[in-house]
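The values are calculated or read from the model by the stated rules, or taken from the named source; none is laboratory data. If you're wondering where the values come from, they're calculated on a predicted model, not measured in any experiment. No Cβ is skipped: glycine too gets one built from the backbone with ideal geometry, and neighbour counts run over all protein chains shown. In case anyone asks, the SASA skips ligands and DNA or RNA and just uses the protein heavy atoms, side chains included. Shrake-Rupley method; radii C 1.70, N 1.55, O 1.52, S 1.80 Å.
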Amino acid sequence: MLIQSHTQENHILFSIKSDILMDNSREFYHEFEKSMEGKSFARLTLDFASVKFLDSSGIGAVIKASSALHNRGIEIYVTNLNKNLNSVFRLSGLNHILSILTIDEYLSKFPQFTKALEP
């Protein structure tokens, strides 16, 4: 399992539990789709606390997932990026299509997820 989900009202938090690489990027996207089936929500957050690395397939999977959400009018947030992932998101342009927040910014805005994001 690559994704663990937590739901509060109309907001879903997906904690990604592994690096997203060529070997598992399809599995990640499949889990992503299944986790959203039949759910109605306005916001989704991707928590990258357990992710150390994304290769190009991982970046593609994140872009594909975010495009599917944008098409449905869903706000997308990203939190807990380490320094390297933050650079990858900036270099790939993901910072222009996703709202990237530090963990402190995120918990200030969405305190209901404090327990779910505790180490």
task = Identify, from the list Leu46, Leu91, Leu85, Leu54, the residue that is farther than 22 Å from Met1 by Cβ and not polar (S, T, N, Q).
result = Leu91
request  = Search segment 35-64 for residues being touching an Asp or Glu at 6+ places or on another chain (Cβ under 7 Å) and closer than 17 Å to Ala116 by Cβ, and hand back the single one that is most open to solvent (accessible area, probe 1.4 Å).
outcome  = Arg43
task = Could you check, for segment 80-92, whether at least one of its residues is part of a strand (DSSP E or B) and at pLDDT 95 or above?
result = no
task = Being among the aliphatic types (A, V, I, L, M) and surrounded by fewer than 19 Cβ atoms within 10 Å (Cβ to Cβ) is the filter; apply it to segment 89-113 and report the residue that is farthest from the chain's Cα centre (by Cα).
result = Leu91
ask   = When Leu101 is evaluated against the numbered criteria (1) in contact (Cβ under 8 Å) with a residue 24 or more places away in the chain; (2) out of contact with any Lys or Arg (no Cβ under 9 Å at 6 or more places or on another chain), which criterion, by number, is the only one it fails?
value = (2)
query = Any residue at all in segment 65-79 that is touching a residue at least 24 places away in the same chain (Cβ under 8 Å), open to solvent by 30 Å² or more (accessible area, probe 1.4 Å) and among the charged types (D, E, K, R)?
reply = yes
ask   = Looking at segment 1-11, which of the residues that are at pLDDT below 95 and touching a Leu at 6+ places or on another chain (Cβ under 8 Å) is surrounded by the fewest Cβ atoms within 10 Å (Cβ to Cβ)?
value = Thr7
